[in-house]
Structures are given as C-alpha cells and as structure tokens.
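Report on one structure; see the data block that follows.
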Amino acid sequence: MDLSKLSLAELVDLRRKIEQELRQRHARDPKGTEYGLRNLADDWGAAIADLLSGSVAESKYLPPEDVPRYRHPIDPRLTWSGTGAKPEWVRQWERSGRSLEELEIKQPQQ
C-alpha cells in the first residue's frame with residue numbers, strides 16, 4: 001500500500017480503522033496483548049507491572065504531552081497543540097480572515 005498517494009483525510013481515517021482493529025484483536029487475543037505489553041515495557045525501559053500500576057508515569061521515558069498552543073476565543077475548553085490536523089474551529093477562524101496568531105495562548109511574563 002502506497003501511503004504517499006493518500007490524502008490527509010484518508011490517512012486519518014486509515015489510522016482510526018487500524019486502531020479500532022488493534023483494539024478488537026487485543027480483546028480477542030490476550031496472549032498477543034501480553035506480548036505487546038512486554039514490547040512496550042521494553043521500549044520504555046520499564047516493567048509491565050510499572051506500566052499497569054501507573055508508576056512509570058514519573059519516568060523520564062514518557063513522551064511529552066501535547067501542550068495546547070492555541071485556544072478558542074469564546075470557548076476555552078477548545079484547544080489545539082498545533083500538531084496534527086487543524087480542528088474545524090481553527091479552520092473556521094482562518095476562513096473568517098483572522099490569523100492563527102490571534103489564537104495563541106500567551107504565557108505569563110515572569
């Protein structure tokens with residue numbers, strides 16, 4: 001399958017379908033899930049028990065969370081990190097002639 005020929009929307013839909021299929025297969029195959037957990041634990045440099053207990057959350061190996069960089073001007077619950085596809089509310093903002101910079105979350109000056 002040549003992924004370079006797919007549109008962004010098609011890639012996002014394919015990712016959603018793959019994730020759904022993986023969840024279904026893990027539900028049907030506990031041994032496969034255990035194998036996946038072992039691989040994940042190895043990748044993160046942690047024990048499976050740490051992954052399941054949540055103690056690995058304090059590990060330096062956790063990837064950084066997507067920190068919101070943009071916030072909706074009226075509904076502060078709507079945020080976007082600036083990575084991945086733009087949410088519809090951002091696209092509507094830009095279509096109205098406004099700039100993305102206006103939505104940036106300003107960090108307090110120290």
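Across the range 1-12, the qualifying residues are those that are more than 21 Å from the chain's Cα centre (by Cα) and outside any helix (DSSP H, G or I), and the one among them that is modelled with the highest pLDDT is ASP2. Of the helices (runs of 4 or more DSSP H) entirely within the range 13-110, those holding at least 3 residues that are more than 16 Å from the chain's Cα centre (by Cα) and modelled with pLDDT of 90 or more occupy 88-95.
The values are calculated or read from the model by the stated rules, or taken from the named source; none is laboratory data. Note that the structure is a prediction, hence the values are computed from the model and not measured.
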